[in-house]
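**Q** A single structure is presented below for examination.
The values are calculated or read from the model by the stated rules, or taken from the named source; none is laboratory data. Here the structure is a predicted model, which means the values were calculated and not measured. For neighbour counting, all protein chains shown are included, and Cβ atoms are generated from backbone atoms with ideal geometry for every residue, glycine included. To get the accessible areas, we keep the full protein, side chains included, count just its heavy atoms, and leave off ligands, DNA and RNA. Shrake-Rupley method; radii C 1.70, N 1.55, O 1.52, S 1.80 Å.
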Amino acid sequence: MGQCMKTGKRIQAVLVILALVQIFAAVCGKTGFFGRNGGEKNEPAKETAGEASYDPGQLYAQSAVLMDADSGRVLYGKEEEKIRPMASTTKIMTCILALENMEESQVAEVSERAARQPKVRLGVKNKEKYYIKDLLYALMLESYNDSAVAIAEAIGGSVPGFAEMMNEKAKGLGCEDTHFVTPNGLDGEDEGGVHATTAADLARIMRYCITESPKKEEFLEITRTKSYSFSDADKRRNFSCNNHNAFLGMMEGALTGKTGFTADAGYCYVGALRRDERTFIVALLACGWPNNKSYKWKDTRKLMEYALENYEYRNVWQELPEQEVSVKGGVDPDNGYLLDCRVSAGLKKGEVSELKVLLRKDEAVTAEKKIEKSLNAPVKKGKTVGEFFYMLNGEKIADYDIVTLEDIEKRDAEWCVDKILRRICL
């Protein structure tokens, strides 16, 4: 009996000690002695830190896009599909359409509508004549609203006619959420809707201007010019324009860009940078209102630096081993007596052996294939029987045809008779 009482007291003592240890650990955990979570150090997990390094951080713009200009892939987006007014960034579309449709040395005659456009303006007068190419410099360097209308009327016959051309071009570029009403970006509305776009669509239009348009070099020449002087076609008035795109002097490799502002749109910007073999586009909408004019430059720099630090080209090409596809009723080229016939298949001879993709450091491309399980004889060399493709983040980024590499005859009565006759003759 006494022994049991001693054992019970020992157990009670052990339980009390354990309870005190737990209380002490809890108190120390709260005070940080063992760390906030009871660990040795109070620091974020490694994977959390890794993810954070692939985020450009907080932006001022309500809508933003960082795009790879070569592929058109959106590398980063913030409300990139939200439809918003885009102010004078509109003028990149006005400029590229004019370059693609104007005649050499074409002249625009100023209408009353063009002459009464609000500031910012060149100050053209009704009935004056100007070379369209000169007006394009006034449009892109100084963002003159009257120049935009004069250009639109000369190219499209009228502002609505030119807006129709703008919308047709936008649709052709895949800009499904863009609607143009004015050539200068001033707020407007017609039966088709309000003058607006998305950051993603605006980046797509800039991509076309600098990489796809047959007039891309002329576009870059105009938008990179620091200053330009000209006169009206009758040599009565002289004008000078200066480039107000501050981004051109902010970063090495700055390529082009266009600013914009209206009371509804806020400050907007679309610009491009090319460094080494990489070309990036940034599009910003609603990036602050007065007195926050510098926000667009801060966001542009932040996104461009993020792109330069985290994205690089890598060759992701993988060799496709030669495939074999079963051929029903076929004749084996090496042994006509075999009933199990197969045809060799692979990529076309001379197919590229390099696929360079702009990738973030943590991104990976996978190679996959789809190929027919069987074919019916006869089979001609070069017949497409499948595809070899590359996937990135669930999207196909490149694909190549898998084709047969040889002819396969059909085993039919005619073939059998021919073989018998050949053996008899031999």
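**Q** Go through the range 334-359 and give me each residue that's without any contact (Cβ under 8 Å) to a residue 24 or more places away in the chain and part of a strand (DSSP E or B).
**A** Residue satisfying the conditions is R342 alone.
**Q** Going by the conditions given, is F219 over 29 Å from L273 (Cβ atoms) and in contact (Cβ under 8 Å) with a residue 40 or more places away in the chain?
**A** Criteria not met by F219.
**Q** Another question, then. Out of E51, E47, E43, report the one residue that is under 30 Å from A307 (Cβ atoms), modelled with pLDDT under 50 and part of a loop (DSSP other than H, G, I, E, B).
**A** Result: E43 is the single residue among E51, E47, E43 that is under 30 Å from A307 (Cβ atoms), modelled with pLDDT under 50 and part of a loop (DSSP other than H, G, I, E, B).
**Q** Look at A154 and say whether it is among the hydrophobic types (A, V, I, L, M, F, W, C), farther than 24 Å from T262 by Cα and surrounded by 18 or more Cβ atoms within 10 Å (Cβ to Cβ).
**A** Answer is yes for this residue.
**Q** Still on this structure, I have one more. In the range 372-414, what residues are among the hydrophobic types (A, V, I, L, M, F, W, C) and exposed (fewer than 15 other Cβ atoms within 10 Å of the Cβ)?
**A** Passing the criteria: only A413.
**Q** To continue, here is another question. All but one of (1) exposed (fewer than 14 other Cβ atoms within 10 Å of the Cβ); (2) closer than 30 Å to Y60 by Cα; (3) in contact with an Asp or Glu (Cβ under 8 Å, 6 or more places away or on another chain) hold for L359; which doesn't?
**A** (1)
**Q** Something else about it: Tell me which of these V331 doesn't satisfy, since it passes every other one: (1) open to solvent by 80 Å² or more (accessible area, probe 1.4 Å); (2) more than 23 Å from L392 (Cα to Cα); (3) in contact (Cβ under 8 Å) with a residue 12 or more places away in the chain.
**A** (1)
**Q** Still on this structure: Need pairs with beta-carbon distance below 9 Å; first residue on the phi > 0 side of the Ramachandran plot and within the range 360-371, second modelled with pLDDT under 95 and surrounded by 15 or more Cβ atoms within 10 Å (Cβ to Cβ); sequence gap 6+ or separate chains.
**A** Nothing qualifies.
**Q** Let me ask something additional. Restrict the check to the range 78-95 and report whether at least one residue is among the hydrophobic types (A, V, I, L, M, F, W, C), modelled with pLDDT of 95 or more, open to solvent by 40 Å² or more (accessible area, probe 1.4 Å) and not in a strand (DSSP E or B).
**A** yes
**Q** Can you name the residue in the range 376-396 that is hydrophobic (A, V, I, L, M, F, W, C) and modelled with pLDDT under 95 and is also nearest to L347 (Cα to Cα) among such residues?
**A** V379
**Q** Can I ask one more? Can you list the strands (runs of 3 or more DSSP E) lying wholly within the range 218-322 that have 1 or more residues being open to solvent by 70 Å² or more (accessible area, probe 1.4 Å) and more than 26 Å from L186 (Cβ to Cβ)?
**A** Where strands (runs of 3 or more DSSP E) fall fully within the range 218-322 and carry at least 1 residues being open to solvent by 70 Å² or more (accessible area, probe 1.4 Å) and more than 26 Å from L186 (Cβ to Cβ), they are 227-231, 238-242, 266-275, 311-315.
**Q** If P118 meets every condition in (1) part of a loop (DSSP other than H, G, I, E, B); (2) under 30 Å from the mean Cα position of the chain (by Cα) apart from one, which number is that one?
**A** (2)
**Q** Separate question: Which number in (1) closer than 24 Å to A150 by Cα; (2) over 19 Å from the mean Cα position of the chain (by Cα) marks the one condition that V270 misses?
**A** If we test V270 against (1) closer than 24 Å to A150 by Cα; (2) over 19 Å from the mean Cα position of the chain (by Cα), just (2) comes out false.
**Q** Name the residue, out of G188, G192, that is open to solvent by 10 Å² or more (accessible area, probe 1.4 Å), in contact (Cβ under 8 Å) with a residue 12 or more places away in the chain and farther than 22 Å from G72 by Cβ.
**A** Result of the check over G188, G192: G192.
**Q** Hey, another quick one. Being touching a strand residue (DSSP E or B) at 6+ places or on another chain (Cβ under 9 Å) and either over 16 Å from D234 (Cβ atoms) or free of Cβ contacts under 8 Å to residues at least 12 places away in the same chain (or both) is the filter here; which residues of the range 140-151 pass it?
**A** M140, L141, E142, S143, Y144, S147, I151
**Q** I would also like to ask the following. Every residue in the range 96-138 that is open to solvent by 40 Å² or more (accessible area, probe 1.4 Å), under 29 Å from A203 (Cβ atoms) and charged (D, E, K, R), please.
**A** E100, K119, R121, K133
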